[in-house]
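Just so it is clear, none of the values below were taken in a lab; they were calculated from the coordinates. Remember, predicted model here, so these are calculated numbers, not experimental data. With ideal geometry, Cβ positions are generated from the backbone for all residues, glycine too; neighbour counts draw on all protein chains shown.
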Amino acid sequence: MMGPQGAGKGTQAQLLATTFGLPIVATGDILREMAEGVTPLGRQIREVQSAGHLVSDEILAEVIKARLGCEDCKSGCILDGFPRTLPQAELLEEIASSLGNSILVINLDVPRKLLYERLARRRDCSKCGAVYNVVSKPSKQEGICDLDGAPLLTRSDDHEEAIAKRLALYDEKTRPLLDYYGESGRLRTVDGTGTPEEVFARLSRIFQVETAESSKK
């Protein structure tokens, strides 16, 4: 799944996972889990994060390869948060090749103005992390999470200046991946406007066609 912040990748990935029975492989969640472990790699990740640095592409590749080799990923999975840069995409090519997997990229296309509106209106649960939107997906009680009753907060990076920086970073580092995958015929672009259900209807049609074509090969 690709698309800038606010495109709805997390929501659509969860809908895909639920509908088609695929695991979501989220690098952030895996790194946090591994950092709590006692393995040599876990200790290395913990030391890097404690020093305030980003985990290297080499470590990320090792983590992704180990996760994609698990039994629940044998029939496919949804990657969330990797790759974000061209070097990471090249590492993923090596991992996929070694495991006998193919790569399909679905890009959620959303106008920049709408991205700003979505991000500025987003609210996150301070306890469980559930995501709401004050217009398109409000909580039943204003400012309170439906799931656990904890307060909803506006993230520090969901203010206008921070949003602009995040989208500029996406344009610089991640958008070139669209050309990279497009040149090899592995990119499918989906209109990301409308309700989550409308977007998912478009996305699932493409996913079903691609899955059917893949099974014939």
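Restricting to the range 178-217, and then to whatever is outside any helix (DSSP H, G or I) and among the β-branched types (Val, Ile, Thr), can you tell me which residue is nearest to ASN101 (Cα to Cα)? My answer is THR189.
Pairs are defined by a Cβ separation below 7 Å, a sequence spacing of at least 6 or placement on different chains, a first member in the range 93-121 that is without any contact (Cβ under 8 Å) to a residue 40 or more places away in the chain and under 15 Å from CYS77 (Cβ atoms), and a second member that is loosely packed, with under 15 Cβ neighbours inside 10 Å and of a type in the set (Ser, Thr, Tyr); the pairs so defined are ALA96/SER102. Going residue by residue through the range 132-140, is there one that turns out to be surrounded by fewer than 13 Cβ atoms within 10 Å (Cβ to Cβ) and either touching an Asp or Glu at 6+ places or on another chain (Cβ under 7 Å) or closer than 20 Å to PRO196 by Cβ (or both)? Yes, the conditions are met somewhere in the range 132-140. Inspect all residues belonging to the range 47-66 and state whether any of them is surrounded by fewer than 16 Cβ atoms within 10 Å (Cβ to Cβ), of a type outside the set (A, V, I, L, M) and under 21 Å from GLY10 (Cα atoms). No, the range 47-66 contains no residue that is surrounded by fewer than 16 Cβ atoms within 10 Å (Cβ to Cβ), of a type outside the set (A, V, I, L, M) and under 21 Å from GLY10 (Cα atoms).
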